[in-house]
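Colleague: Have a look at this one.
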Amino acid sequence: MSELVSAGPPLIEIQGVSKRFVKRLDIAGKIARRLGAGLEEETVHAVDGVDLSIDEGDVVGLVGESGCGKSTLGRMVAGIMPPSDGAVLYKGRDIASLSGDDKLEATFAVQMIFQDPFSSLNPRMRVEDIVGEAPVVHGLVPRKGMSDYVDEILTKVGLDPALKRRYPHQFSGGQRQRIGIARALAVKPKFLVCDEAIAALDVSIQAQIINLFMDLREEFDLTYLFISHDLSVVEHISERVVIMYLGRVVETAQAEALFAAPNHPYAQALLSEVPRLDQRKRDFQPIKGEIPSPLDPPPGCHFHPRCPQSFGPCSSARPVLKSIGPDRISACHLND
Amino acid sequence: MTVEITQQSADADAGLAITQEETAAAIETPFRRFVSEFLESRLALGALFTLGAIILAAIFAPFITPQDPYDLAQVDILDGRLPPGSEAFTEYTMWLGSDGAGRDLYSAILYGLRISLAVGITSGIIAIAIGMSVGLSAAYIGGRFETFVMRIVDLQLSFPAALVALMLVALLGKGIDKIILALVVAQWAYYARTVRGSALVERSKEYVEAAASLGLSHARIMFRHILPNCLAPLIVVGTIQTAHAIALEATLSFLGVGLPQTEPSLGVLIANGFEYMLSGKYWISVFPGIALLITIVSINLVGDQLRDVLNPRLKR
């Protein structure tokens, strides 16, 4: 748990990670620029200098509007995408610098659960092969033992092992998500990145899958990075919550403290929009305007064009993340 | 069909756990649905039967023909240019007549089919293997490699296939190996483009990311995960391209730059009879031509039905 000061380095540490997507000019564009057309290469700052450390056993919720870079961050942590800048450290060592068995260990340790239970399973493979392939290929399980091993994992995620010779299209959305979880568990991970893992499911199924995540956490000592736009879910399961806006972290705090009294104006605006039973008659005020384009982010604080409390320095200086309480940081000029 | 059997036995093992609805879903495997949809068209079914009969006849030609047209001891020049239905010197009926050298046309057509089909299918398989690997790696690797490869494909496809093949055969000379090479060069680009198109779609799906995060090798992701999902369009293009290859080979042989007289394909037979056309001895050219026509049309009909069944946008 995060309260305990662990002796070693944190399980996962994200250090100044950025991701830029550059749309390069083609030959016609280059010629046009040479002739003075004023064309520029377009750069999207999907993630902009994020620091985050996650201790073993933690459940960290990562929230933000769509397009704020939370999925990109998750993919970089899971090693699917290399960061443009910065490093992702597993047990204090940069994953990008590892090789051989160490790299494989780090690869297995961090697994991802995907949003779409339909495109995340290969339609041409049987469940048995989807779950059992990686452990057999990497020699974690002998080929002869694959069938038993798959049975064991499927039982753990609440699926009938008798169904393992079927194809993904023969399952419902919730069952498919369980297969995705089984696939990740098969390589004995320590850390799961759940990228909107329940967003595509029915509400009743969502509850089942969340409970499954929590059961598995106890059974396998898992650590979670739970990416979601659903604040009530994040409040329910997370111990710590990270709020992102346009590629930057704006506030990090313990879940209870954050939901009780959000500090950053964006966090305040976001949390006031959560529908609650005791506020049924309230008139909801959505945040004014659209999320700005990451192609051309506003200067200074990214949130200032939409912020009701913006003042002088907001439009010029980038606010830094400052400690504003125990285990709590926020990036806002109002705290100065 | 072994797929269905294991499927059902697995279901039987599951026993009570499976509800009725689930059983119905289990029976509907992709392969079974594919077969039943394919058989919906009578035309396609007829074409499939014709094609099957043609292939069987070509394979078993030595057992069902009265004469081996390559065995000079069995060919008698005195039987030359006999009209259909004539009695041969060695006492069998030449139902389709004989050609200038006294070969029974029925026998010659079946032996010619062997060569035509072998050349078409062999070049098709080699071209698929090359085009598939090139297209798949272009989609997977991306970047400059992809641009470079796909521009070569574009360049190749901007020339008519017949012209490319004609130029190559003119350079390389006659022979069955050279004609296969020419057909492979003329065709690989179609496969490369087809596979690259569907691999690009598959590559962006999350199961590929999942495979990468499980530490699986690039080769494994390409060939075990992406490729099986790109096979449907490849099968369709493969069928129709094989028909093209057979027609192209016949064209080259007819023009006299394809197969030599010692390996008479249907194209060579048509070319041989061409000089007799005006003297009324139509059968020497027309019967091999009809055999070629039936073969190509039936392959194309099968290919069309495959395209309809495998096209996800036409799903009923």
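The values are calculated or read from the model by the stated rules, or taken from the named source; none is laboratory data. Quick caveat, the model's predicted, so the values are computed rather than measured. Counting neighbours? That spans all protein chains shown, and the Cβs are built from the backbone with ideal geometry, glycine included. Just the protein is used for accessible areas: all its heavy atoms, side chains included, with ligands, DNA and RNA removed. Shrake-Rupley method; radii C 1.70, N 1.55, O 1.52, S 1.80 Å.
Colleague: Using only Cα atoms, locate the centre of the range A:148-186 and the centre of the range A:223-238, then give the distance between them in Å, rounded to an integer.
Modeller: 23 Å
Colleague: Can you return the aspartates and glutamates within cross-link range of A:LYS23? Criterion is Cα-Cα under 13 Å, with same-chain partners fewer than 8 residues away left out.
Modeller: Excluding near neighbours in sequence, the set is A:GLU40, A:GLU41, A:GLU42.
Colleague: Here is a further query. Could you do me a favour and compute the accessible area per residue for chain A, 1.4 Å probe, result in Å²?
Modeller: Per-residue value: 46 Å².
Colleague: Separate question: Rank these residues by their accessible area, most exposed first, probe 1.4 Å: B:THR262, B:THR65.
Modeller: Correct descending sequence by accessible area is B:THR262, B:THR65.
Colleague: From the residues A:ILE80, B:VAL268, A:ALA184, which one has its Cα farthest along the dipole of the protein assembly as shown in the positive direction, the dipole being from +1 and -1 charges on Cβ of Lys/Arg and Asp/Glu about the Cα centre?
Modeller: My answer, from the dipole projection, is B:VAL268.
Colleague: Which ³J(HN,Hα) values in Hz, rounded to whole numbers, follow from the phi angles of the range B:79-94 under the Karplus curve 6.51 cos²θ - 1.76 cosθ + 1.60, where θ = phi - 60° and Gly and Pro get x?
Modeller: Per-residue couplings from phi come out as 7, x, 6, 7, x, x, x, 6, 8, 7, 4, 8, 6, 9, 8, 8 Hz.
Colleague: Treating the beta-carbon of each Lys and Arg as +1 and of each Asp and Glu as -1, no other charges, what is the dipole magnitude of the protein assembly as shown about its Cα centre, to the nearest 20 debye?
Modeller: The calculated dipole for the protein assembly as shown is roughly 1400 debye.
Colleague: Please list, ordered by chain and number, the residues whose modelled amide H lies under 5 Å from the amide H of A:VAL59; skip anything fewer than 5 residues away on the same chain.
Modeller: Distant-sequence amide H within range of A:VAL59: A:TYR224, A:GLU239, A:ARG240.
Colleague: Follow-up. On alpha carbon coordinates alone, what is the Rg over Rh value for chain A, Rh being the Kirkwood radius?
Modeller: 1.00
Colleague: Report ³J(HN,Hα) in whole Hz for each residue of the range A:312-328, in order, from the Karplus equation J = 6.51 cos²θ - 1.76 cosθ + 1.60 where θ = phi - 60°; Gly and Pro get x.
Modeller: Values per residue, Gly and Pro as x: x, x, 4, 8, 10, 9, 6, x, 9, 6, 10, 6, 10, x, x, 6, 9 Hz.
Colleague: Inverting the mean 1/r over all pairs of different Cα atoms, compute the Kirkwood radius of the range B:177-316 and quote it in Å.
Modeller: This gives a value of 17.9 Å.
Colleague: Let me ask something else about it. Give me the dipole magnitude in Debye, nearest 20, for chain A about the Cα centre, with unit charges on the beta carbon: positive for Lys and Arg, negative for Asp and Glu. Before the final figure, lay out the partial values.
Modeller: Values: 37 positive and 44 negative charges, 202 e Å.
Approximately 980 debye in magnitude.
Colleague: How large are Rg and Dmax for chain B when calculated on the C-alpha trace, in angstrom?
Modeller: Spelled out, the Cα radius of gyration and Dmax of chain B are 24.1, 78 Å.
Colleague: Nearest 500 deg cm²/dmol is fine: what mean residue ellipticity at 222 nm does chain A get from its DSSP H runs of n ≥ 4 alone, each adding -39,500 (n - 2.57), divided by its residue count?
Modeller: Working: 10 runs with 100 residues, N = 336.
One gets -8500 deg cm²/dmol as the mean residue ellipticity at 222 nm.
Colleague: With a bin width of 10 angstrom, please list the P(r) values of the range A:1-89 as percents of all Cα-Cα pairs, from the 0 bin to the one holding the largest distance.
Modeller: Over the range A:1-89, the share of Cα pairs per 10 Å bin runs 15, 35, 24, 15, 7, 4, 0 percent.
Colleague: Take each complete run of DSSP H in chain B, measure how far its Cα atoms stretch along the helix's own axis, and keep only those covering 20 Å or more with mean Kyte-Doolittle hydropathy at least 1.6; list them.
Modeller: Span-like helices in chain B: B:42-59, B:105-141.
Colleague: Something else: Write down Rg/Rh for the range A:169-244, rounded to two decimals, with Rg from the C-alpha atoms and Rh from the Kirkwood relation over Cα pairs.
Modeller: 0.94
Colleague: Suppose we compare each residue of the range A:143-168 in its chain alone and in the full protein complex with a 1.4 Å probe; which ones drop by at least 10 Å² of accessible area?
Modeller: Buried by the other chains: A:ASP160, A:ALA162, A:LEU163, A:ARG165, A:ARG166, A:TYR167.
Colleague: Something else now. Whats the longest run of chain B with zero GluC sites (Glu not before Pro) that are DSSP loop and have at most 15 other Cβ atoms within 10 Å?
Modeller: Answer - B:92-274.
Colleague: Continuing with this model, one more query. Taking every Cα atom in the range A:198-336, find the radius of gyration and the maximum pairwise distance Dmax, and write them in Å.
Modeller: Looking at the range A:198-336, its Cα Rg and Dmax stand at 16.8, 51 Å.
Colleague: Now a separate question. Mean projection of the alpha-carbon convex hull of the protein assembly as shown over all orientations, in nm²?
Modeller: 40.5 nm²
Colleague: Summarise the accessible area of the protein assembly as shown (1.4 Å probe, protein heavy atoms) by the percent that is carbon and sulfur.
Modeller: 60 percent
Colleague: Right, something else. At a probe radius of 1.4 Å, what is the per-residue accessible area of A:LYS30, in Å² to the nearest 10?
Modeller: 110 Å²
Colleague: Another question, then. Could you tell me what percent of the DSSP beta bridges with both partners in chain A are antiparallel, to the nearest 5?
Modeller: Values: 27 of 45 bridges.
Here the antiparallel bridges make up roughly 60 percent for chain A.
Colleague: If you take every DSSP beta bridge whose two residues both sit in the range A:131-257, what share of them, in percent to the nearest 5, is antiparallel?
Modeller: Bridges in the range A:131-257 that DSSP calls antiparallel: roughly 55 percent.
Colleague: Something else about it: What translational diffusion coefficient, to the nearest whole µm²/s, does the range B:203-250 have by Stokes-Einstein, given a Kirkwood radius computed over alpha-carbon pairs, a temperature of 25 °C and 0.890 mPa s viscosity?
Modeller: Once the numbers are plugged in, D ends up at 194 µm²/s.
Colleague: Sticking with this one: How many angstrom lie between the Cα centre of the range B:63-100 and the Cα centre of the range A:1-74?
Modeller: 79 Å
Colleague: Separate question: Quote the total accessible area buried by chains A and B together, excluding ligands, DNA and RNA, probe 1.4 Å, nearest 100 Å².
Modeller: Heavy-atom accessible area buried at this interface is about 2600 Å².
Colleague: Now, a different point. Output the peptides A:248-254, A:43-49 sorted from most to least packed, where packing is the average of other Cβ atoms within 10 Å over each peptide's residues. Present the calculation step by step, with values, prior to reporting the outcome.
Modeller: Details: A:248-254: 24.1, A:43-49: 20.7.
Going by the mean number of other Cβ atoms within 10 Å, highest first, we get A:248-254, A:43-49.
Colleague: Next up: How much area per residue is accessible in the range B:204-316 when the probe is 1.4 Å and only protein heavy atoms are counted (Å²)?
Modeller: Here the per-residue accessible area is 43 Å².
Colleague: With +1 assigned to the C-beta of every Lys and Arg and -1 to the C-beta of every Asp and Glu, and no other charges, what is the dipole magnitude of the range A:39-121 about the Cα centre in debye, to the nearest 20?
Modeller: Values: 5 positive and 15 negative charges, 59 e Å.
Once rounded to the nearest 20, the dipole reads 280 debye.
Colleague: State which helices in chain A qualify, where a helix is a whole DSSP H run, it must extend 24 Å or more along its own axis by its Cα atoms, and its mean Kyte-Doolittle hydropathy must be at least 0.0.
Modeller: A:203-220
Colleague: Restricting to the protein assembly as shown, what percent of DSSP beta bridges are antiparallel, rounded to 5?
Modeller: Details: 30 of 48 bridges.
Given both bridge residues lie in the protein assembly as shown, the antiparallel proportion sits at roughly 60 percent.
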